[in-house]
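Right, one structure below, let's go through it.
The values are calculated or read from the model by the stated rules, or taken from the named source; none is laboratory data. Everything numeric in this text was worked out from a predicted model, so none of it was measured. Backbone-built Cβ (ideal geometry, glycine too); neighbour counts: all protein chains shown. These area figures cover heavy atoms from the full protein model, side chains too; ligands, DNA and RNA do not enter into them. Shrake-Rupley method; radii C 1.70, N 1.55, O 1.52, S 1.80 Å.
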Amino acid sequence: MALIPSQITQATGKARALIAERSVRAEIAQGQREIQQADHVIFFAEGPGQFYQLGVWLGTFERLAAQGLSIGLVLMDSLSARQALNSSTLPLLFTRSMEQIESRLREWNTKSISYVNNAQRNFTMLRFNGPAHIHLNHGESEKASMVSNQLKAYDYACVAGPAAVDRICENISRFDSSHLVQIGRPQLDALELEGPSEKIRVLYAPTWEGDSSAMAYSSVMRLGERILAQLVNDDRFDVRFRPHPKTGDILGEAKKTVAALQSRFESTMDPVPDASQSLVWADVAICDTSAMAYDAVALNIPLLLAADRPSKLRDGLPMEQHLGNANGLADRVAKLAASGVAGKQKQLAQYFFATTEPGMATKKLNQLFSGL
């Protein structure tokens, strides 16, 4: 039986990672980036295809380190380790040996281990007694993955705000809500505001296709071309297209769609590495049910939501902020940009986020680590 594309990609990635191991270890040594002591570590076992999940936290943990916390990165994939070397100043440990990781954590007397996803190898790491195991996730949304029973495995789960607490307690049976810590979104604390523009700046940031029908939230195959064509052909707008980095991992059709859009609308491709920074650039954001939509709410960016399934975000937004079939999109976007953030969207920000005050979310996370 032939391997499906995602399996081929995984096998190729593993081979590349094995080949790179020696050179990555040399880079760590030459750069004197090896962890010497870490009271708090972020554990990441995945390859570069999932690195964005760790990447969204690197700025936050660098700020925490600057505030005096002893922090390091523990990675089990050489290519992800190389990316971390290039993306962060934090010290790191790269090894494929769980035994070696546990030995080093004992040596450092590590107080906490943080996780940015629910990857399978997290649950091998969770066997290690002593440090507090903290789930951070990599965004706030109402996707089905946000109410995984796996959350029970962690000592603490950091969540954005009251909406996440309600969601988890309503959907996960026998969950102890005392393990939830509301911190807001620390990634939004250090963004640089954009200056004024003569044109209306629009960010279209669809999510990926998901690995099951329950996780299929993407609009890109259904509406991507209509959205971009209407906006790009209107001189009122400056448009950026930011597809999710995992788009096409499961469905070849999604990969082909994004490739075609990237080719046709090449000038719109978002040049900014930080997704949150792209949001503060925008006067209007068009997003699916994903962390990008909820971050737009937190940042007071007028949101057009491309979602058909009921959710508290969709139900709470005014009808004119439901994208629907994207008919008359250009005029709708212009009107939304002129009217600004609706009162209902501001109310949703208070429900989804424990705080939107700049700097406060990072402070809450610092308080959690400092109290361990």
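Could you tell me whether D235 is open to solvent by 30 Å² or more (accessible area, probe 1.4 Å), closer than 21 Å to A326 by Cα and assigned to a loop (DSSP other than H, G, I, E, B)?
Values: open to solvent by 30 Å² or more (accessible area, probe 1.4 Å): yes; closer than 21 Å to A326 by Cα: yes; assigned to a loop (DSSP other than H, G, I, E, B): yes.
For D235, the condition - open to solvent by 30 Å² or more (accessible area, probe 1.4 Å), closer than 21 Å to A326 by Cα and assigned to a loop (DSSP other than H, G, I, E, B) - is met.
Would you mind stating whether Q367 is farther than 30 Å from I71 by Cβ and part of a helix (DSSP H, G or I)? Break it down stepwise before answering.
Details: farther than 30 Å from I71 by Cβ: no; part of a helix (DSSP H, G or I): yes.
No: the conditions fail for Q367.
Mind checking which helices (runs of 4 or more DSSP H) fall wholly inside the stretch 58-155 and carry at least 1 residues that are touching an Asp or Glu at 6+ places or on another chain (Cβ under 9 Å) and over 22 Å from R16 (Cβ atoms)? Write out each step before concluding.
Details: elements: 78-87, 98-108, 122-125.
Passing ranges, in order: 98-108, 122-125.
When V341 is evaluated against the numbered criteria (1) part of a helix (DSSP H, G or I); (2) in contact with a Pro (Cβ under 6 Å, 6 or more places away or on another chain), which criterion, by number, is the only one it fails?
Just one mismatch for V341, condition (1).
Can you list residue pairs whose Cβ atoms sit under 6 Å apart, with the first residue in the stretch 103-118 being closer than 16 Å to Q53 by Cα and touching a residue at least 40 places away in the same chain (Cβ under 8 Å) and the second being of a type in the set (V, I, T) and open to solvent by less than 40 Å² (accessible area, probe 1.4 Å)? Count only pairs 6 or more apart in sequence or on different chains.
I113/V41; S114/I42; S114/I134
So how many residues does the stretch 193-211 have that are buried (at least 16 other Cβ atoms within 10 Å of the Cβ) and over 14 Å from M146 (Cα atoms)?
The total comes to 10.
Count, please, the residues in the stretch 240-272 that happen to be in a helix (DSSP H, G or I), open to solvent by less than 30 Å² (accessible area, probe 1.4 Å) and under 23 Å from K199 (Cα atoms).
Selection size over the stretch 240-272: 2.
Taking the stretch 290-307 as the region of interest, how many residues are within 14 Å of the chain's Cα centre (by Cα), open to solvent by 10 Å² or more (accessible area, probe 1.4 Å) and not small (G, A, S)?
1
If V116 passes every condition in (1) open to solvent by 50 Å² or more (accessible area, probe 1.4 Å); (2) in contact with a Phe, Trp or Tyr (Cβ under 8 Å, 6 or more places away or on another chain) but one, which one does it miss?
The number of the failed condition is (1).
Of these, A190, A164, A214, which one is in a helix (DSSP H, G or I), small (G, A, S), in contact (Cβ under 8 Å) with a residue 60 or more places away in the chain and surrounded by fewer than 18 Cβ atoms within 10 Å (Cβ to Cβ)?
Details: A190 fails: in a helix (DSSP H, G or I); A164 fails: surrounded by fewer than 18 Cβ atoms within 10 Å (Cβ to Cβ).
One residue alone meets the criteria, A214.
Given (1) in contact (Cβ under 8 Å) with a residue 12 or more places away in the chain; (2) open to solvent by 40 Å² or more (accessible area, probe 1.4 Å), where does E21 come up short, assuming only one miss?
(2)
Just to be sure, is F51 under 21 Å from L372 (Cβ atoms), of a type outside the set (D, E, K, R), under 23 Å from the mean Cα position of the chain (by Cα) and open to solvent by less than 20 Å² (accessible area, probe 1.4 Å)?
Details: under 21 Å from L372 (Cβ atoms): no; of a type outside the set (D, E, K, R): yes; under 23 Å from the mean Cα position of the chain (by Cα): yes; open to solvent by less than 20 Å² (accessible area, probe 1.4 Å): yes.
Answer is no for this residue.
Within the stretch 273-289, can you find the residues that are part of a helix (DSSP H, G or I) and open to solvent by less than 30 Å² (accessible area, probe 1.4 Å)? Steps first, answer last, please.
First, pick out the residues of the stretch 273-289 that are part of a helix (DSSP H, G or I): 275-281.
Passing the criteria: A275, S276, S278, L279, V280, W281.
Specify the residue that is surrounded by the fewest Cβ atoms within 10 Å (Cβ to Cβ); the eligible residues are those in the stretch 308-319 that are out of contact with any Ser or Thr (no Cβ under 9 Å at 6 or more places or on another chain) and modelled with pLDDT of 95 or more.
My answer is M319.
Among (1) in contact (Cβ under 8 Å) with a residue 24 or more places away in the chain; (2) within 17 Å of A164 (Cα to Cα); (3) within 18 Å of the chain's Cα centre (by Cα), there is one condition R314 misses while meeting the rest; what is its number?
Every listed condition holds for R314 apart from (3).
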